[in-house]
Every structure is written in C-alpha cells, then in structure tokens.
Amino acid sequence: SGSVRYLLEPVVRDLGFDHLLCTDLEVDPNGLMTGKPAGLVCVSYNKKWLTLKLAEELELDLAGSYAYGNHHSDLPLLETVGNPYAVQPNSILERTARQRSWPILGYR
C-alpha cells in the first residue's frame with residue numbers, strides 16, 4: 001500500500017497477513033516521525049518493484065497471485081499478477097480494467 005505502516009499494522013494484525021509492503025516514515029533521533037519517507041514510497045513502479053522483490057524472496061507464483069488496486073498508479077502492480085482486480089477504481093483504472101476484462105469490484 002502507498003499508506004504508511006503505523007496506519008496499516010492494525011489491519012495486518014486483524015486480517016492475519018504475513019507480510020506488509022507499504023511506505024515507511026523516517027524517524028528522527030528522538031523517536032519522532034519526520035513525515036519524510038524512509039526508503040521508497042510504495043506507489044506505482046516502486047510498489048511493483050517491492051512486490052517483485054518479495055515474490056522472489058518467498059518464491060511466489062505471481063501468475064497465480066491476486067492484486068487489488070483503486071488508482072491508475074496501481075497499474076504496474078496489477079499488470080504483474082495473473083489475477084488483477086480494480087476496486088472502486090478511478091476513471092483511468094476503470095477504463096483500463098474494462099479494456100483488459102479485469103474484474104471491477106465496488107462497495108455497493
């Protein structure tokens with residue numbers, strides 16, 4: 001996710017995920033978050049790269065994997081897996097998903 005770790009860790013625990021790819025924030029010497037990223041911001045091609053790195057480490061089958069995105073910046077990741085899903089997508093991702101016959105999920 002492009003979101004930051006401290007927001008996502010409760011979700012990861014609640015859902016029982018084994019791994020979290022997200023944006024980490026820099027922590028200053030006093031233990032305070034600076035608001036600056038510590039490493040890559042987990043969006044677009046960075047999200048894809050981080051996913052490929054994890055997939056290689058864990059020997060994951062990306063052709064048999066699922067990914068979910070809501071923004072066209074998720075396209076590099078969605079194109080990497082065999083089962084991409086657009087979830088309540090923005091207009092650009094929705095158009096692309098329809099062109100590629102990807103499933104589109106909504107909240108209603």
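The values are calculated or read from the model by the stated rules, or taken from the named source; none is laboratory data. Given the structure is predicted, the values throughout are model-derived calculations rather than measurements. Reconstructed Cβ throughout: ideal geometry from the backbone, glycine too, with neighbour counts over all protein chains shown. When the accessible area is computed, the model is the full protein with side chains, heavy atoms only, and any ligands, DNA or RNA have been set aside. Shrake-Rupley method; radii C 1.70, N 1.55, O 1.52, S 1.80 Å.
Treat every Asp and Glu Cβ in the range 12-108 as -1 and every Lys and Arg Cβ as +1, leave all other atoms uncharged, and give the resulting dipole magnitude about the Cα centre to the nearest 20 debye.
My answer is approximately 540 debye.
Tell me, what is the percent relative contact order of the chain, built from C-alpha pairs under 8 Å that lie six or more residues apart?
17
Roughly how much of S65 is accessible, in Å² to the nearest 10, using a 1.4 Å probe?
Its accessible surface works out to 30 Å², give or take rounding.
Once every DSSP H run of n ≥ 4 in the chain is given -39500 (n - 2.57) and the sum is divided by its residues, what mean residue ellipticity at 222 nm do you get, rounded to the nearest 500 deg cm²/dmol?
-11000 deg cm²/dmol
What are the ³J(HN,Hα) values, in whole Hz, obtained from phi via the Karplus relation 6.51 cos²θ - 1.76 cosθ + 1.60 with θ = phi - 60°, for each residue of the range 31-45 in sequence order, with x given for Gly and Pro?
After applying 6.51 cos²θ - 1.76 cosθ + 1.60, I find x, 9, 6, 8, x, 8, x, 9, x, 6, 7, 7, 9, 6, 5 Hz.
What figure, in Å² to the nearest 10, do you get for the accessible area of K53 with a 1.4 Å probe and non-protein molecules left out?
Result for K53: roughly 100 Å² accessible.
Could you grab the Rg to Rh ratio for the chain? Cα atoms only, Kirkwood for Rh.
Rg/Rh: 1.01.
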